[in-house]
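Only one structure is covered here, and it is reproduced in the block below.
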Amino acid sequence: VLLCFSLSLLGYCTDMDVIERELKILQSLRFENVVELIEWFREKKQCFLVFEYVEWNMLQVLQEHPDGLTIEQVRQLSHQLFSAIHWCHSHEIIHRDIKPENLLISKNFILKLCDFGFARFCNTQTSADYYTDYVRSFDLT
């Protein structure tokens, strides 16, 4: 799969800043349940990222199965998702954008976490507020 980004100015940073951060994260995360970045290159004012091909995303799988998946499939996919998140966290990376469209599913029913555009490297010295600019949880009390 080939993704192409035009390099123009975005509010607080350039597209290249975002792309370089995502590249650094993806290059540090070689794991079976994280989509593989095969290569990347720049040409003129565009940046191209080449990823492994994965047939579906979770939203497509759920739409194809309106009555739901089997309990075994749910267990299998949940385990793979938790493994991917654990792998990221153990490498001090938080994804920050987990949703059905960012969970790819292969024909062999292997889940791959993708789209690390909002992801951040984290450390224990940084305030939690730094990582929650875009998403805040509701206080349910």
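Read-outs throughout are calculated quantities, based only on the coordinates presented, and are distinct from any laboratory measurement. Just so you know, these numbers come straight off a predicted model, no measurement behind them. Positions of Cβ are generated from backbone atoms using ideal geometry, with glycine treated the same way; all protein chains shown enter the neighbour counts.
In debye, nearest 20: dipole of the range 13-108 around its Cα centre with unit charges on the Cβ of K, R (+) and D, E (-)?
200 debye
Give me the number: length gained by fully extending Ile38 to Lys107, i.e. 0.36 nm times residue separation minus the C-alpha to C-alpha distance, one decimal in nm.
Here the segment from Ile38 to Lys107 would lengthen by 22.9 nm.
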